[in-house]
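Beneath this line is the structure, given in structure tokens, with notes to follow.
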Amino acid sequence: MSSATQEFEHASAALAVDGWCVLADLLTPAQTLALARECRALHDGHQLTPAATGADRAQTPLRGDATRWFAPETLSAVQQPFAARLDALRLALNRALLLGLVDSESHYAVYAPGAIYARHLDQLRHSDARVLSAAFYLNHAWQDADGGALRLHLADRSHRDIYPRAGTLLLFLSAEFEHEVLPATRQRMSIACWMRQRELGARG
Ligand code: OGA
Ligand code: MN
């Protein structure tokens, strides 16, 4: 078994059983801090775009974050280790679970205090490419009292609240879990990612 397969064995086992898991050590604290600084600098420099939903990309009260996609060909120096680790995780999950994940897409997201993302499913209506959703959190010293949990709705109608503490990576099957972002008292920063399969319609 390769070391990456071994390292991510716990995550793949949890995904196979529960369809979701939390991983605590994707990056070092210094790497996570560097991403947080870059995200904040981009936000302060007005380089993020208010998010939109639906076919007409209308801005909506359903979603209050602002985002900026990572450019896969020109990743910044601090984005590179993140992308490399996410790729190692993707390949390990492919080996363990035969998911056929061919690539991933990632964006920074910043939620102002009070902003939410209403309950939703990540799979886009016109596409089945998104298999696995991931959220990597960038918020130093986040307390539960700060709010801002990602609420994951489970099949038995219960839910789990995952707080956006720096270094936490949440993974879940995109097609299976409705989820929402609850309002926070602080600015809340994350990287949202989707690992994708080739679209069924595009298979030859
Ligand atoms: C999303 C999303 C969750 C988060 O962007 O689709 O659900 O915690 N984000 O940022
Ligand atoms: Mn989502």
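Worth a mention:
- Among the trypsin sites (Lys or Arg not before Pro) in segment 50-129, those located in a DSSP loop and surrounded by at most 10 other Cβ atoms within 10 Å of their own Cβ are Arg57, Arg125.
- Rh by Kirkwood over Cα pairs, then Stokes-Einstein D for segment 86-204 at 0.692 mPa s and 37 °C, µm²/s: 218 µm²/s
- Long-range HN-HN contacts of Phe70 with modeled amide H, under 5 Å: Ser106, His107, Tyr108
- Cut-off 15 Å between beta-carbons: net charge of the residues surrounding Gly147, Lys and Arg +1, Asp and Glu -1: -1
- Net length gained if the chain between Ala30 and Thr49 were fully extended (0.36 nm per residue, minus Cα distance): 4.2 nm
- Restricting the calculation to Cα atoms, segment 3-196 yields a radius of gyration followed by a Dmax of 15.8, 45 Å.
- Under 5 Å, built H, 5+ apart or other chain: amide partners of Arg198: Val102
- Of the DSSP H helices in the chain, those whose Cα atoms cover at least 20 Å axially and whose Kyte score averages -1.0 or more: 29-44, 79-97
- Listed from fewest to most Cβ neighbours within 10 Å, the set Leu173, Leu93, Leu26 follows the order Leu173, Leu26, Leu93.
- Considering only Asp25, Asp128, Asp65, the Gaussian network model of the chain with Cα springs below 10 Å gives its largest mean-square fluctuation to Asp25.
- The distance linking segment 114-174 with segment 26-46 is 19 Å (Cα centroid to Cα centroid, whole angstrom).
Bear in mind these aren't lab numbers, they're just calculated from the coordinates by the rules spelled out. Computed from a predicted model, the values in this text were never measured in an experiment. Here Cβ is always computed from backbone atoms with ideal geometry, including for glycine, and neighbour counts include all displayed protein chains.
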